[in-house]
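To start, the structure itself, in structure tokens.
The values are calculated or read from the model by the stated rules, or taken from the named source; none is laboratory data. Predicted model, so just to flag it, every value in this text is computed and none were measured. Every residue, glycine among them, receives a Cβ derived from its backbone with ideal geometry; neighbour counts consider all protein chains shown.
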Amino acid sequence: MRITVRYGLLGFALVAATLPVSAAGSGQFKDLLNKARQSTSSSSQLGSGLPNSDIASGLKEALAKGTTNAINSLGRNDGFWKNAKVRIPLPGKLEQAGNLARKMGQGARVDAFELSLNRAAEKAVPQVADIFGDAIRKMTLSDAHSILTGGDHAATDFFRRVAGDALTARIHPIVANATASVGVTEKYKEFTAGSGGGIGGALGSLGSLGGGHKSGSGGSPIDLDNYVTGKTIDGLFTMIGEEEQSIRHNPAARSTDLLKKVFGG
């Protein structure tokens, strides 16, 4: 960690040395150099003096804490539905049609359909903890250093890179089962059939529910399982990102001695 800081300051000094003196006064140069030292110093304090094994263990603990809190927050009744940051809206043009349907007195049907999408996500989330656990176990010492010195969402980016497609592949069938269990197809049919003549025709032209549920219209199918899967993953990463940022910046969020050692405080 100290090597990184040393070369960072050296690089800054070499670049500064190539600038003409007239470009800035000596006082301005000193101020700029002091700011560079302060920014690199604050980064170097993370995990300073700790063995690599402790740093890796601390980060794994932070990742486990963040994912657990995110899953507990979202994987319960109203976890998505009453969280404005992750609530799943109707997809694409269906949202436009839903707004029109509300104006025609069909708001209850729209709400029931939208709620069913969020309920499917809430049912799927608790079943993905082991996926994140596998990603955490795959973390290397190199990953740990990159996360420690990275931005506020470096750990979240790590999850996207390591879990990525595998997470999508695992969540999709879970979501498919969940959408069936909460009656998404029925709510979709009620929404499209009960929106009134003009709205019903417009919705029919937009396509049908994917995953084997297709109507006779010639439009492109709307695959709600794919849509809910994507939104579920986005919601998880949103909440994990918030947890990570909290651990980095809020001493009160560092609830164990190891987290305090690695992140300070």
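With the requirement that a residue be polar (S, T, N, Q) and more than 15 Å from residue 121 (Cα to Cα), what does the stretch 145-187 give you? Correct list: 146, 149, 156. Just one of the listed residues (157, 152) is surrounded by fewer than 19 Cβ atoms within 10 Å (Cβ to Cβ), touching a His at 6+ places or on another chain (Cβ under 9 Å) and not polar (S, T, N, Q), namely 152.
Being at pLDDT below 85 and touching a Lys or Arg at 6+ places or on another chain (Cβ under 7 Å) is not true of residue 113. Of the residues making up the stretch 144-180, those that are in contact (Cβ under 8 Å) with a residue 60 or more places away in the chain and more than 20 Å from residue 129 (Cα to Cα) are 144, 145, 147, 148, 149, 152.
When 84, 144 are checked against the criterion of being within 16 Å of residue 241 (Cβ to Cβ), in the same structural domain as residue 229 (by TED's automatic domain parsing), out of contact with any Asp or Glu (no Cβ under 8 Å at 6 or more places or on another chain) and among the small types (Gly, Ala, Ser), 84 stands alone in meeting it. When only residues in the stretch 248-265 that are without any contact (Cβ under 8 Å) to a residue 24 or more places away in the chain and more than 24 Å from the chain's Cα centre (by Cα) count, which is farthest from residue 56 (Cα to Cα)? Looking at residues that are without any contact (Cβ under 8 Å) to a residue 24 or more places away in the chain and more than 24 Å from the chain's Cα centre (by Cα), I get 265. Applying the condition of being modelled with pLDDT of 75 or more and more than 18 Å from the chain's Cα centre (by Cα) to the stretch 209-247 and asking which residue is surrounded by the fewest Cβ atoms within 10 Å (Cβ to Cβ) yields 223.
Take the residues in the stretch 50-77 that are outside any helix (DSSP H, G or I) and within 18 Å of the chain's Cα centre (by Cα); name whichever of them is surrounded by the most Cβ atoms within 10 Å (Cβ to Cβ). Top of the filtered list is 75. Looking across the stretch 120-140 at every residue that is charged (D, E, K, R) and in a helix (DSSP H, G or I), the one that is farthest from residue 223 (Cα to Cα) is identified as 137. The set of residues in the stretch 227-265 that are out of contact with any Lys or Arg (no Cβ under 7 Å at 6 or more places or on another chain) and at positive phi contains only 264.
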